[in-house]
Amino acid sequence: MRLIDVHIHPWTRNFMKKNKPIMDACDFFRIPLNYLPSSNRELLEDMDRYGVEVGVILGQNTDSTENPGFKYYTISNEWLYRLSNSSGDRLIPFAGVDPNAGNDAVKELKRALKDLGFRGLKIHSSVHSVYPNDKERMYPLYEICQEYSVPVLLHTGTTGLGRCRIKFSKPEYLDDVCQDFPDLKIIMAHFGWPWSDVAIAIALRSKNVYLDISGWLPRYIPENVVSYINGPLKERFLFGTDYPMIRHGRWVEDFNKTLKNRLKEDVLDRLLYTNAKKLLFT
Ligand SMILES: [Zn+2]
């Protein structure tokens, strides 16, 4: 099995401990502290051990977001750039910018894509309390992604993170974005559950929409979602873990036991590798 993981948070235990909403998520998913990595070296070790060729590391910036829960949440693009550089091209960075920062966010995104060679943008609408179809705060960022032909990965659906509202992450708002930016590549993280039917409907009518299966142990992925992975959206589903909430060993073990034999043969490699490879490298 060859793998490309499109959804990795380069978080360590100490970083997570500083962030109450992340600790809420650990409680929500019943993840004990000793499961979490103590350094970023463990990420590459996990990837090596389980055949993950490339991983997308996601940035995050809340410097202009007022929610006090997210005061210590920012991971700078500079830091992400260094981590990527030290990985020998194994870790591909997606920029984190704060949509609440206005023109500074636009400038920072351009810098990350142009000067630092980043390959996408990550936004968590609930963290920023901004709707994905917000013309003032989000559309300028989409314009840049479309211009540079890189994907924007948006958190969609519920979240384990505490102290934020899930209404901002409803996939339905992305239908507007698809209509207004027909060439923008969009990844709906976590396939939008509990609104996964809406997320799937949008992907069916918009050819540049992808869905990642991160944040779910394979055994829990709903049967109707599996039928779309096997069927009409087989070129649009992407493997992701949501590391370190689910680490590679746990994911692969569960996958082999519970999902692998439910996938059609020509779908397996697409889901785990080829779809992401095409999206990220062509
Ligand atoms: Zn995530």
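The values are calculated or read from the model by the stated rules, or taken from the named source; none is laboratory data. Not measured: the values here are computed from a predicted model. Positions of Cβ are backbone-derived with ideal geometry, glycine not excepted, and every protein chain shown enters the neighbour counts. Please note that ligands, DNA and RNA were not included when accessible areas were found on the heavy atoms of the full protein model with its side chains. Shrake-Rupley method; radii C 1.70, N 1.55, O 1.52, S 1.80 Å.
Value of Rg to Rh for the stretch 176-244, rounded to two decimals, is 0.96; Kirkwood radius and Rg both from alpha-carbon coordinates. Annotation: the antiparallel percentage among DSSP beta bridges lying fully within the stretch 3-281 is about 5. Counting only residues at least eight positions apart within a chain, or on another chain, the lysines with an alpha carbon under 19 Å from that of LYS18 are LYS71. Note on the chain: percent of Cα-Cα distances in each 5 Å bin, starting at 0 and stopping at the bin with the largest distance, equals 1, 6, 13, 18, 21, 19, 14, 7, 1, 0. Most tightly packed first, judged by the mean number of other beta-carbon atoms within 10 Å of their residues, the peptides 31-38, 156-163, 69-76 read 156-163, 69-76, 31-38. Output the pairs from LYS122/LYS264; LYS110/LYS277; LYS207/LYS277; LYS20/LYS185; LYS135/LYS185 with a Cα-Cα distance over 20 Å in this structure; if there are none, say none. Result: LYS122/LYS264; LYS110/LYS277; LYS20/LYS185 exceed 20 Å. Go ahead and estimate [θ] at 222 nm for the chain from helices alone: -39,500 (n - 2.57) per DSSP H run with n ≥ 4, summed, over the residue count, rounded to 500. Helix contribution divided over all residues of the chain: -10500 deg cm²/dmol. Write out the GluC sites (Glu not before Pro) in the stretch 138-176 meeting two conditions: DSSP loop, and at most 16 other Cβ atoms within 10 Å of their Cβ. Those satisfying the criteria are GLU172. For the chain, the share of accessible area belonging to carbon and sulfur comes to 47 percent (1.4 Å probe, ligands and nucleic acids excluded).
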